[in-house]
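Asker: Structure incoming, see below.
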Amino acid sequence: MGESDGAQPALKAGTEERVRQFVAALSEEEIMLLRLRDELYDGRWDAMLADLNDRLQGKPYVFKLAHRIQDDIERIERLNRFERQYNVDLAKYI
């Protein structure tokens, strides 16, 4: 998330624990989405969301998620909100 060398920026006191609690509560689907984002979309939520929306609209897309695209879009939005709020890359915690 931002740093070219892959290092995490220093987190505020208490934020590190909040991030760890959030990650510990992630579902298997959310963890899968974090991994796919990093492996297929160079860590970009916007590219992943565009791909899923293309799939919903019948346009060409990169990969097939097993099912529940709309659920995955909602999960992505939740994960993305958390990452922006705390300025972290959740994939580094899984």
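The values are calculated or read from the model by the stated rules, or taken from the named source; none is laboratory data. These numbers were taken from a predicted model, which means no experiment stands behind them. We place every Cβ from the backbone using ideal geometry, glycine too, and count neighbours over all the protein chains shown.
Asker: Of the residues that sit in segment 30-54 and are acidic (Asp, Glu) and surrounded by 15 or more Cβ atoms within 10 Å (Cβ to Cβ), which one is nearest to LEU79 (Cα to Cα)? Reasoning before the result, please.
Answerer: Going through segment 30-54, the residues acidic (Asp, Glu) turn out to be 30, 38-39, 42, 46, 51, 54.
Checking which are surrounded by 15 or more Cβ atoms within 10 Å (Cβ to Cβ) leaves us with 30, 38, 51.
Values: GLU30: 8, ASP38: 13, ASP51: 17 Å.
Within segment 30-54, the match that is nearest to LEU79 (Cα to Cα) is GLU30.
Asker: For segment 83-94, name all the residues that are among the aromatic types (Phe, Trp, Tyr) and over 10 Å from VAL23 (Cα atoms).
Answerer: Of all residues in segment 83-94, those among the aromatic types (Phe, Trp, Tyr) come to 86, 93.
Matches in segment 83-94: TYR86 only.
Asker: With segment 8-92 as the region, which helices (runs of 4 or more DSSP H) entirely inside it contain at least 1 residues that are modelled with pLDDT of 90 or more and in contact with an Asp or Glu (Cβ under 7 Å, 6 or more places away or on another chain)? Don't jump to the end; show me each part of the working.
Answerer: Values: elements: 15-24, 28-40, 45-56, 69-86.
Where helices (runs of 4 or more DSSP H) fall fully within segment 8-92 and carry at least 1 residues being modelled with pLDDT of 90 or more and in contact with an Asp or Glu (Cβ under 7 Å, 6 or more places away or on another chain), they are 28-40, 69-86.
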